[in-house]
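Every read-out reported here was derived from the displayed coordinates using simple, explicitly stated rules and does not represent laboratory data. Note that this is a predicted model, so its numbers are computed, not measured. A quick note on method: Cβ atoms are made from the backbone with ideal geometry, for glycine too, and the neighbour counts reach across all protein chains shown.
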Amino acid sequence: MPPTHQVIDETLLTNLGFLLGKSAQIKDRFLDQYLAVEDITSSQAKVLFTVFFQRNQRSSDISRILNVDSSAITRMLDRLEKKQLIQRTADPEDRRSSLIELTDKGHATTLRALPLANQAIDRLTECLTHHERDNLQDYLAKIVDAFYLSECQLNEEDRRC
């Protein structure tokens, strides 16, 4: 009879939740490696990419989009602002909040970081055939699409989802 830890390892290695989580950890490690030349982390890049593609977001919007605690986003924004990659401007619709914008330096950094992030993802998926990668992308998109609207409905006070 195999030792108990081997049974647990085999169970974990076939558990979809574990595999998704472990894949995300490996992805972030690759992103950190590839983005180091820009002096940003994978977490910082995700914020920069969100601001780049979803212009004029509030910190609460970024928190919701990335599913990260608002206090963690605030600390991340503080670090990005210190690096002069983002700036906070007054929100004309709500005096209590500010909008997050990329600075010129932040925009240039993000443009350089995007292909690096793509290279990291290519590294992550290089063990897959082109067909397998396309299927994986389709399957993950199907999961996200299936739950995106219901996730938005859970947060009814924010109609911007």
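Some notes on this structure:
- In the chain, the DSSP-assigned H stretches of four residues or longer account for a calculated mean residue ellipticity at 222 nm of -22500 deg cm²/dmol, using -39500 (n - 2.57) per stretch and the full residue count as denominator.
- Within a Gaussian network of the chain (alpha carbon springs, distance under 10 Å), most fluctuating of Val68, Val37, Val144: Val144
- Sorting Ile62, Ile86 from the fewest to the most surrounding beta carbons within 10 angstrom yields Ile62, Ile86.
- Evaluated at q = 0.16 Å⁻¹, a Debye calculation over the C-alpha positions of the chain (equal weights, vacuum) places log10 I(q)/I(0) at -1.07.
- In terms of the mean number of neighbouring beta-carbon atoms within 10 Å, the peptides 73-82, 122-131 order highest first as 73-82, 122-131.
- Calculated FRET value between Leu12 and Ser71, using beta carbons and R₀ = 25 Å, to 0.05: 0.20
- Residue (of Pro92, Phe18, Leu111) at the positive-pole extreme of region 4-124, dipole from beta-carbon charges: Pro92
- Taking amide hydrogens as placed 1.01 Å from N in the peptide plane, the amide H of Arg58 sits under 5 Å from those of Ile100, each at least 5 positions away in sequence or on another chain.
- Within straight-line cross-link reach of Lys82, lysines at Cα separation under 19 Å, skipping those fewer than 8 residues along the same chain: Lys46, Lys105
- Contact order relative to length of the chain, as percent, for alpha carbon pairs under 8 angstrom and 6 or more apart: 22 percent
- The phi torsions of region 66-77, fed into the Karplus equation with coefficients 6.51, -1.76 and 1.60 and a -60° offset, translate into couplings of 8, 6, 10, 3, 4, 5, 5, 5, 4, 5, 5, 5 Hz, rounded to whole numbers, with Gly and Pro shown as x.
- Net charge, Leu128 excluded, C-beta distance under 13 Å - Lys, Arg +1, Asp, Glu -1: -3
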